[in-house]
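The structure appears below as structure tokens.
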Amino acid sequence: MYRINNAKSVTNNWEADNFNKIYNDFSNKFSDDFMKNLDFFIYFHGKDFATSLKSILPDFPLENYYKYSKKKFDYTIYHDLVELRRLIESKL
């Protein structure tokens, strides 16, 4: 189990300047090339999460989990995901 022993050391990096730098670095990924190269297909798929989960729980049924999640997940309640879909569709 992961524990944060010193919360102050974790939060020290989240000052406004650092946040703005990380935000700008992240948002700059969504350039025209991001859309032209179809990078969005590989960027938001949770592959790293699935790999980590399988390393901790090797018998976890990922395929069944994905099927279940797909049925239950309503992206329309998240305005940023609705906007992301609109943005992607406008570029296709």
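Observations on the model:
- Entirely in the stretch 39-84, the helices (runs of 4 or more DSSP H) that have 2 or more residues that are open to solvent by 90 Å² or more (accessible area, probe 1.4 Å) and modelled with pLDDT of 90 or more: 62-72
- Phe40 meets all of the listed conditions (1) free of Cβ contacts under 8 Å to residues at least 40 places away in the same chain; (2) within 19 Å of Ser27 (Cα to Cα) but one, namely (1).
The values are calculated or read from the model by the stated rules, or taken from the named source; none is laboratory data. Keep in mind that this is a model prediction, so the values were computed, not measured. All Cβ positions, glycine included, derive from the backbone under ideal geometry; neighbour counts span all protein chains shown. Note: areas computed on protein heavy atoms with side chains; ligands, DNA, RNA excluded. Shrake-Rupley method; radii C 1.70, N 1.55, O 1.52, S 1.80 Å.
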